[in-house]
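Have a look at the structure below before the remarks.
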Amino acid sequence: MRKRIVAGNWKMNKTYEEALSLVSEIDNMVRDEVNGDVTVIVAPPFPFLQSVGKLTQGNDLMHLAAQNISEHDSGAFTGEVSASMLKSVGTEYVIIGHSERRMYHHEDAQTLYKKLKAAIAQGIKPIFCCGEPLEERDADRHFEYVGKQLHDSLSYLSNEEFDQVTVAYEPIWAIGTGRTASSQQAQEMHAYIREQLSRMFDAEAAHNTSILYGGSCNPSNAQELFAQPDVDGGLIGGASLKSRDFTDIIKSF
Ligand code: PEP
């Protein structure tokens, strides 16, 4: 049975004190209100990983993610953070291929493949993001576009490596815009992604992979999205910055 996951991507938000308050609030609400079959992940900015991780370690439901990772192991790469560094402060998951990294930092498919390899080699589980811009959807090329993103970065992994991967479908037109994919649009893309994965890897691995939806997910629309058979949870941006909203999303399963 595949995992149900809700992951909060805090992006470049919060000071140190605010980050600790947010994670303590989430931690308390999750302990009191959430039953044990949801994996809750928080992805704070790099400088707060260790301190946030100390708080999440005491709660079996909560896990720590980084928002980015270097494809290099070590050396003269100013400003980069390696997989072994992330591992050494307790990072369990990492977001790879977010559309903001692809767009603003020009991360291409080959770079993303190297990042996937670097994370997996250190035992860090990648959350691999894919999703089409509005022009591709309007031109009815969204399946082809997402299929290529999956193929170009994931298909070179072995079955064992792929077992570590969670996929997040995040249509770019829905990220931070308040415009959500309908539950039908999400389901049909998630089913397509699973089908593509079953062609690249063994069918059981594809069946067991969690596929998260991301893009203006909030407490009002999460329940309908999560009720879809191929939607296994969410990658949440804006609504993960408020403990009440984030917890309500987690409770939407
Ligand atoms: C994201 O950036 O991963 C995201 C889903 O953002 P939002 O929820 O704010 O649309």
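The values are calculated or read from the model by the stated rules, or taken from the named source; none is laboratory data. Nothing here was measured: the structure is a model prediction, and the numbers come from that model. Methodologically, a virtual Cβ is constructed for each residue, glycine included, from the backbone with ideal geometry; neighbour enumeration extends over all protein chains shown.
Check segment 179-187 and report whether any residue there is modelled with pLDDT of 95 or more and among the hydroxyl-bearing types (Ser, Thr, Tyr). Even if it seems obvious, please write down each step before you answer.
Applying the first criterion (modelled with pLDDT of 95 or more) to segment 179-187 yields 182-187.
Imposing the further condition that a residue be among the hydroxyl-bearing types (Ser, Thr, Tyr) reduces the set to 182-183.
The answer is yes; a qualifying residue exists.
Take the conditions (1) over 30 Å from Arg179 (Cβ atoms); (2) buried (at least 22 other Cβ atoms within 10 Å of the Cβ); Lys87 misses just one of them, which is (2). Apart from one condition, Thr78 fits all of (1) hydroxyl-bearing (Ser, Thr, Tyr); (2) under 29 Å from Pro229 (Cβ atoms); (3) surrounded by fewer than 16 Cβ atoms within 10 Å (Cβ to Cβ); the exception is (2). Within segment 61-88, residues that are without any contact (Cβ under 8 Å) to a residue 24 or more places away in the chain sit with their Cβ atoms under 7 Å from residues that are part of a loop (DSSP other than H, G, I, E, B) and not hydrophobic (A, V, I, L, M, F, W, C), at 6+ positions apart or across chains, in these pairs: Ser74/Ser82; Phe77/Ser70; Glu80/Ser70; Glu80/His72.
Can we say Phe246 is among the aromatic types (Phe, Trp, Tyr), assigned to a loop (DSSP other than H, G, I, E, B) and either touching a residue at least 60 places away in the same chain (Cβ under 8 Å) or more than 14 Å from the ligand (Cβ to nearest atom) (or both)? No, not satisfied. Among the residues making up segment 188-203, those that are farther than 21 Å from Asp140 by Cβ, of a type outside the set (A, V, I, L, M) and modelled with pLDDT of 95 or more are Ser198, Arg199, Phe201.
Quick check on my filter: what residues within segment 220-238 are part of a loop (DSSP other than H, G, I, E, B), away from the ligand (no atom under 14 Å from the Cβ) and surrounded by fewer than 21 Cβ atoms within 10 Å (Cβ to Cβ)?
As a first pass, look at segment 220-238 and keep what is part of a loop (DSSP other than H, G, I, E, B): 220-221, 227-232, 237.
Cutting the leftovers down to away from the ligand (no atom under 14 Å from the Cβ) gives us 227-230, 232.
Ala227, Gln228, Pro229, Asp230, listed by residue number.
Taken together, Tyr93, Tyr113 contain a single residue that is more than 16 Å from the ligand (Cβ to nearest atom) and not basic (Lys, Arg), which is Tyr113.
The residues in segment 50-71 that are under 18 Å from Val165 (Cα atoms) and of a type in the set (Gly, Ala, Ser) can be counted, and the count is 3. Here is the figure for segment 174-190: residues that are among the β-branched types (Val, Ile, Thr) and more than 17 Å from the chain's Cα centre (by Cα) total 1.
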